[in-house]
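I have placed the structure first, in the form of structure tokens, so that the comments after it can refer back to it.
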Amino acid sequence: MLIYLHFLDRDGVLNKEVGYLSNPNDFVFLEGSIEALKILKQKDYLLIVITNQAAVARGFLTVETLQVIHNKMVKILKENKISLDDIYYCPHHPEFTGPCDCRKPNPGMILKAKLKFNIDIRNSYMIGDTLSDIETGKNARCKTVLVLTGYGKKEIKKESSIIPDMIFKNLKEFAINI
Ligand SMILES: [Mg+2]
Ligand SMILES: [Zn+2]
């Protein structure tokens with residue numbers, strides 16, 4: 001059986017974009033995002049978070065604190081009877097730790113998930129609030145969705161050759177319409 005899934009960017013898609021989130025107290029779900037995840041789960045999609053966390057490379061955030069932030073996210077979702085299928089993060093930044101395969105827009109985190117799950121990549125979606133997320137999806141040959149939360153509204157105004165397959169106001173609108 002092939003599994004369809006959604007690769008979700010974290011900041012600006014699930015939770016408020018605060019710029020280098022490093023304090024667990026600053027992790028706040030965006031309005032409607034929990035409901036969106038619930039809808040997507042009901043539609044039998046796997047949900048995998050893939051997030052660049054260069055704050056780790058930059059020394060603003062320890063892996064331990066990042067884990068605390070993710071535990072908080074998982075706990076709140078659990079209280080809402082939602083489980084994420086996986087969470088991948090890239091702790092690197094080329095200026096501090098050299099190049100890596102996992103930092104978006106490289107498709108490394110998606111390809112890692114592909115090895116673990118039997119994923120039909122072409123029928124899976126990469127959802128993000130930046131053109132870099134869209135580029136990641138394209139590099140991995142997923143369908144791509146830009147949401148206009150987080151940096152989305154700014155990103156959509158950029159002149160770019162990176163065109164998302166779909167654009168939605170927020171994750172909930174995507175969840176309802178997919
Ligand atoms: Mg983001
Ligand atoms: Zn990396």
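We did not get these values from a lab; they are worked out from the coordinates using the rules stated. Computed from a predicted structure; not experimentally measured. Here Cβ is always computed from backbone atoms with ideal geometry, including for glycine, and neighbour counts include all displayed protein chains.
I'm trying to understand the selection: among the residues of segment 122-147, which are assigned to a helix (DSSP H, G or I) and hydrophobic (A, V, I, L, M, F, W, C)?
Leu131, Ile134, Ala140
Among the listed residues Ser132, Ser83, Ser124, identify the single one that is within 15 Å of ligand 1 (Cβ to nearest atom) and either of a type outside the set (A, V, I, L, M) or surrounded by fewer than 21 Cβ atoms within 10 Å (Cβ to Cβ) (or both).
Ser132
Which pairs turn up if I take residues in segment 103-116 that are surrounded by 18 or more Cβ atoms within 10 Å (Cβ to Cβ) and look for partners that are of a type outside the set (D, E, K, R) and in a loop (DSSP other than H, G, I, E, B) with beta carbon separation below 8 Å, at least 6 apart in sequence or on another chain?
Filtered contacts from segment 103-116: Arg103/His92; Arg103/His93; Asn106/Cys100; Gly108/Cys100; Gly108/Cys102; Met109/Cys102; Ile110/Cys142.
Please work out if Pro105 is within 14 Å of ligand 1 (Cβ to nearest atom) and in a loop (DSSP other than H, G, I, E, B).
Numbers: within 14 Å of ligand 1 (Cβ to nearest atom): yes; in a loop (DSSP other than H, G, I, E, B): yes.
The answer is yes for Pro105.
Can you tell me which of (1) surrounded by fewer than 23 Cβ atoms within 10 Å (Cβ to Cβ); (2) under 17 Å from the mean Cα position of the chain (by Cα); (3) in a loop (DSSP other than H, G, I, E, B) is the one Gly150 doesn't meet?
The failed condition is (1).
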